[in-house]
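Scroll down for the structure; my scribbles are underneath it.
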Amino acid sequence: MTGSAEIIDGKALAAAIRKDLSVKVAACVRAPVLAVVMTGNNESSRIYVRNKQRAASEVGIDCRVFELPEGISQAELEKQVAALNRNPEIDGIIIQQPLPVQIDVLPLLELIVPEKDVDGFSPFNLGLLMSRSPRAVVAATPKGILRMLQSTGVELGGKHAVIIGRSNIVGKPLAQLLLNQDCTVTVTHSRTHNLRLLTAEADILVAACGCPEMVGADWVKAGALVIDVGINRLDGRLCGDVNFEDVLSKASFISPVPGGVGPMTVAMLLENTYEAFVRRQGE
């Protein structure tokens, strides 16, 4: 394929989703409530949380931040999460990461009741995803990536998808989502041999490895759908894991950084919170 790829505009897609959500939330008996548990003074975390609060406010969701000290113990943090589980006003709970070094995140994720796990990170919800249960709460970034792929109008069934990255937050749940769409999925990582040969065979290529502009045109099959999950700083500018300008003439569709996956992740988190509220109202 020659020419220039079509841009998958995550910012525009997310805006449309938020607009639809605001109408649905306005019709609710009360505002859905999202609890964000934040420990310590990580400046990046504070920026992310402020962005979530602003986006939530725009659609009518009440985002409450519970700030806890850097030196909090595992037991005390678990008590805080358990209290949010019991609080009938709270519809969704997320644990803002990274956490202080003394905190083990897995017990916290296991502690959140599945119906309030709007991040979709708990083992229970990951298990529901694997079993193709409609009750599964899907992690926001993979859910947003699937929406972006579906927005292209390309039939996903039968396509070979290659994911660079095997994290519990993106790579693994995305692999299951794409399997559920009847894709053939290859998950690669830092120990994968001949990585470039594998990516060059992909109909769908998702880069989520945290390596600035690692994926060039020679890594990409002509006409591929390319999703860039990375967010990096290189020479003072934001960039993804894909060399956007290099790949633009090789792919059929490509997502930009910024303005691609990031806005969709926030929109999907808000959608998960609204859906958690609706499910709890039906209890």
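Tell me, please, whether a residue that is buried (at least 23 other Cβ atoms within 10 Å of the Cβ), among the hydrophobic types (A, V, I, L, M, F, W, C), out of contact with any Asp or Glu (no Cβ under 6 Å at 6 or more places or on another chain) and outside any loop (DSSP other than H, G, I, E, B) can be found in the range 164-171. Within the range 164-171 (the criterion being buried (at least 23 other Cβ atoms within 10 Å of the Cβ), among the hydrophobic types (A, V, I, L, M, F, W, C), out of contact with any Asp or Glu (no Cβ under 6 Å at 6 or more places or on another chain) and outside any loop (DSSP other than H, G, I, E, B)), the answer is yes, since at least one residue qualifies.
The single condition among (1) in contact with a helix residue (DSSP H, G or I) (Cβ under 6 Å, 6 or more places away or on another chain); (2) surrounded by 22 or more Cβ atoms within 10 Å (Cβ to Cβ); (3) assigned to a loop (DSSP other than H, G, I, E, B) that Pro263 does not satisfy is (3). If I filter the range 216-235 for residues that are charged (D, E, K, R), buried (at least 17 other Cβ atoms within 10 Å of the Cβ) and touching a Cys at 6+ places or on another chain (Cβ under 7 Å), do I get at least one hit? Within the range 216-235, none of the residues are charged (D, E, K, R), buried (at least 17 other Cβ atoms within 10 Å of the Cβ) and touching a Cys at 6+ places or on another chain (Cβ under 7 Å). Of the residues in the range 107-116, at least one is over 20 Å from the mean Cα position of the chain (by Cα), within 28 Å of Val229 (Cβ to Cβ) and modelled with pLDDT of 95 or more.
If you check Asp91 against the conditions, is it under 24 Å from Gln181 (Cα atoms) and buried (at least 22 other Cβ atoms within 10 Å of the Cβ)? So Asp91 does not fit the description; no. Could you look through the range 136-160, keep only residues that are surrounded by fewer than 18 Cβ atoms within 10 Å (Cβ to Cβ) and free of Cβ contacts under 8 Å to residues at least 24 places away in the same chain, and pick out the one that is nearest to Phe121 (Cα to Cα)? Residue satisfying both the conditions and the ranking: Gln150.
On the given criteria, is Leu198 crowded, with 19+ Cβ neighbours inside 10 Å, hydrophobic (A, V, I, L, M, F, W, C) and part of a helix (DSSP H, G or I)? No. For Ala27, the conditions (1) touching a residue at least 40 places away in the same chain (Cβ under 8 Å); (2) more than 27 Å from Asn232 (Cα to Cα) all hold with the exception of (1). Note on the range 46-82: residues that are under 24 Å from Cys28 (Cβ atoms) and aliphatic (A, V, I, L, M) total 6.
The values are calculated or read from the model by the stated rules, or taken from the named source; none is laboratory data. For clarity, every value in this text was computed on a predicted model and none was experimentally measured. Backbone-built Cβ (ideal geometry, glycine too); neighbour counts: all protein chains shown.
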